[in-house]
Structure formats: structure tokens, C-alpha cells
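Quick notes on the structure that follows.
Quick note: the coordinates plus some simple rules give every number you see, no bench work behind them. Nothing here was measured: the structure is a model prediction, and the numbers come from that model. FYI the Cβ positions are ideal-geometry reconstructions off the backbone, even for glycines, and counts take in every protein chain you see.
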Amino acid sequence: MGRLLIKNTKALVGTHPAGTNHLAGAAMRQLPQMEDGWLLAENGRIVELGQGVPPEKHSESGTQIVDALGGYVLPGWCDPHTHTVFAASREGEFVDRINGLSYQEIASKGGGIINSAMRLRAMAEDELFEKAKVRVESMMRQGTVAVEIKSGYGLDLDSELKMLRVVKRLKAALPLRIKATLLAAHAIPPEFKEDRNGYLDLIVDTIIPQVAEEGLAEFVDCFCETNYFTVPEMERVLAAGKEHGLLGKVHVNQFTSIGGIQAALKHGALSVDHLEVLEPADLTALVASKAGNGRTIFPTLLPSCSFFLRIPYGPAREIIDAGLPVTLATDFNPGTTPSGNMNFVVSLACIQLRMLPEEAINAATQNAAAAMGLGEELGSITVGKRASLIITHPLPSLAYLPYAFGNDHIHKVIIDGIVL
Ligand code: NIG
Ligand code: FE
């Protein structure tokens, strides 16, 4: 593998010190920059940083030289919550919502997750793979260098395995880092409508052990929500996951607050995602956990889901002001967020969540990497980390990046030292 030199930058952004895994509370405002910086990568890793004109020896033959043309260089986006493997889009439900139906009303009429599951069960693995690959390639062009992808549209053993095999093939086919999450507990499938315990048994006794044995997932998820899975049901799933080495990354507090956060904390989950409806007791529990077992849990907000469904935005300011490491993700899925664009998420975080540009960028890079267990290898421009980077077009300032929302600011994307 080769050497890569990036020179002529406005600044290297996110040059956190070695050992940085995530940033919490007031520290989220710290986004160190190295003005007029250069960066040398070798074999996909950052090996040296400097300012001004890089030493002559770094430009020796065989080194690929990238002129940043005065653009910023940022750590690439990490997206720690997506449902990128799916069979078909659901714009019919989008029109239904314009006509006044809610997400929950559409689901109770057989739309929603069950609609996606029926389509996915009927689709061959190869076709699913090709469709998902096109989506992830588009995310990479938009600056995403690591992504978590969930199952959860199979809802039976064969179809959940099919989804996770697709994720495994994506890992082999694409240069970005991918983490897989088993989300069999996404909805009760129709064949178990009258026997929800039967479905829970299937997940706990069969699906989790088999997925773990085949090494098809790193994490386990559950949609803990009124009309989906109860808190005790999620606890069963998390306990079984833990027994098989799968850490929890869970959907909680999207529409209602029913105690999912407290249960996730009890089971040592890595992240609690959504949090659009966050009661004071939920926040208190999150803060207490931080002081407690020393393990960090990542409150992950999905503002493009709120935008699309017209539901409340997660209270980022309160969570940051409570000293916690807010994290951002897209939630890319056909029902609630048909977009895998982290640039838009970062803009929404500033516009709607009132996060400062520095906080939003840290949340979408360093904290997002840590929320999928990649905080040591991605998320900042630090010697030793992967050279997975975004080079922007020339911008008047860093705040211009989220400010000028919907515009394409990306000049180049580099993954593991290779220019896309
Ligand atoms: O994260 N909330 C649950 N799961 C997805 C939506 C799934 C769907 O509607 O297909 C989400 O928003
Ligand atoms: Fe989701």
C-alpha cells in the first residue's frame, strides 16, 4: 500500500490528541484545528501532520500528492445508526402522511416495518445486496467512512440471516468500515400476531445464538416503544445478546417514554438512539450512569428522522449541558428517513437542535465512531488513526459547512488513504 500526502489545506479540522475516543458535555465545543496543515498517510493510516510547506522528502516519487486547493480537511462522517439494507422505498406512506395519517396509523394499517418485511422476504439476496451497495456507495461519496447497518426487515430466521449476509458482503465489497446489528426485535411479524412470546422465544433461543455463532453481527437492537416491544421484552433481548457477546444499541423514546433508557443502562448498552421524547427522569438516569459504572453510553439523535416525520427533535442542548456525549446518525431507512446524507444531519443539528458547528462535527465524527466501537481508529485527524477524510471545497469558514445546508461542499473523500 502506498503513501498519500495532502497539502495546501485551509486547516486540518478535528486534530484531537492521541487517545481521544469521544467528547462529552462542554468538551464537545473543542474542535482543534491545524491551520495551513498537511497530512501524510502510509498504508491507510495517518503517520504525520504538520503546518506550512511539507518537507521535501514527503513528496518523493511513489507518494500520491493531493492538493486540497485551500479546502478544509475533516475526519470522514461516521453514521452509527442505519437500516440501509431494504427491498423497496415507501413513498406511498409519505403521501399518506401528507394527507394527515401518522406513522403509527400507517403501521396499524399494515404499512410501516411489516410492509418492508414482506417485500424483503420476497427478494433474493443478490438483488438486496446490489441495491444496498448502490446506497452505501452514494453515502461514501457524501463523506461517510463508517456505517452501522441493522437487520430488522426479515423478522424470521432465514430473512434476518439473509439481511446480515448482505451486510457481510458489503463489508467485503466496499472500503468503508461497516458494523452489523441484529434487529430481529423491530416488529412482531404477522405469523406471531397472536403469540408475541413465541416470537421473543425465537429471537432469544434461535436467532441470536445463530447470528452470534456465524459472526454475522456485533450488536443487538430492539425497538422499545408503545405498540412494538415492551421494556421487559427488550430486557430479554439485551440479556440474550450480552450472553452471546452482542452489545446493545437500542431504539428508545421515539414516540413515548416507557423506561427503555433505564433498562438499556441496566444491561450495559453502548447507545440509546432516537430520544425525541425525553423526560427529566430519563436524562437523570443517563447522567447517573455516567457517574456510575465508568462505561460510556452514547445518546444518539436522528434529526433527519424528526424532520421527515414532523415529530419533535431530540433535546441535544439539554443532553450536552448535562455533560453527555451527544452523537448524530442518519437512521437511513425507507419509512422514516429516506436519506443517508450526514451533511444534512449536521446542518439540521445546528439549525434545529441548536448545536454549535463544532459540537455537531464532533458528534458526527468522533462520538459517532465511538458509538459503534470505532472511536480508537476513526473520528479525528490524529496520528495512528485511519486516513479516512473529507476534503471540502474552499469555504469562507468552518461554520459555513452546516450553514449553507443542502449544498455540496465535498471536493474529495478519502478512505484508508485511498482517494475515492
Ligand atoms: O428508526 N423506529 C423504528 N425503526 C425505524 C423505522 C423503520 C421503518 O419505518 O421502516 C426508525 O425510525
Ligand atoms: Fe432506526
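Worth a mention:
- Computed from backbone phi with θ = phi - 60° and the Karplus coefficients 6.51, -1.76 and 1.60, the 3J(HN,Hα) list for region 391-403 is 10, 8, 5, x, 10, x, 7, 5, 5, 4, 4, x, 4 Hz; x is used for glycine and proline.
- Between the amide H of Phe298 and those of Ser271, Val272, distances stay under 5 Å, these residues lying 5 or more places away or on another chain, with hydrogens modeled in the peptide plane.
- Over 24 Å between alpha carbons, listed pairs Lys150/Lys412; Lys150/Lys171; Lys7/Lys171: Lys150/Lys412; Lys7/Lys171
- Between the residues His22, Ala399, Val95, the greatest Cα displacement towards the positive end of the dipole of the chain, with unit charges on the Cβ of Lys, Arg, Asp and Glu, is found for Ala399.
- Whole-percent pair-distance distribution, where bins are 20 Å wide, for the alpha carbons of the chain: 28, 57, 14, 0
- Farthest toward the positive end of the dipole of the chain, out of Gly323, Pro312, Ile410, is the Cα of Ile410, where the dipole comes from beta carbon charges about the Cα centre.
- Long-range amide H partners of Ser339 with built H, under 5 Å: Asn333
- Percent of beta bridges antiparallel (DSSP, the chain, rounded to nearest 5): 45
- Percentage relative contact order, region 76-175, counting C-alpha pairs under 8 Å, at least six apart: 44
- Cα-based helix-to-principal-axis angle, 231-243 vs the chain, degrees rounded to 10: 60
- GluC sites (Glu not before Pro) within region 39-135: DSSP coil, no more than 12 neighbouring Cβ in 10 Å: Glu60
- Karplus (6.51, -1.76, 1.60) ³J(HN,Hα), θ = phi - 60°, over region 309-325, in Hz, Gly and Pro reported as x: 8, 6, 10, x, 8, x, x, 4, 4, 4, 5, 5, 5, 7, x, 9, x
- Loop trypsin sites (Lys or Arg not before Pro), region 171-208 (other Cβ atoms within 10 Å of the site Cβ: 16 or fewer; DSSP): Lys193
- The mean sequence distance of close C-alpha pairs (under 8 Å, at least 6 residues apart), as a share of the length of region 253-384, puts its relative contact order at 20 percent.
- Hz values of 3J(HN,Hα) by residue in region 103-119 - Karplus curve (6.51, -1.76, 1.60), Gly and Pro given as x: 4, 5, 5, 5, 4, 6, 8, x, x, x, 4, 5, 4, 5, 5, 4, 5
- Charge dipole (debye, nearest 20) of the chain; +1 at Cβ of Lys and Arg, -1 at Cβ of Asp and Glu: 640
- Nearby aspartates and glutamates by direct alpha-carbon distance to Lys109 (threshold 14 angstrom, same-chain neighbours under 8 apart not counted): Glu93, Asp96
- Helix axis angle, 157-173 relative to the chain longest principal axis, alpha carbon, degrees: 10
- Annotation: amide H of Val147 within the under-5 Å range of Asp79, Arg177, Ile178, Lys179, sequence separation 5 or more or interchain, hydrogens built in the peptide plane.
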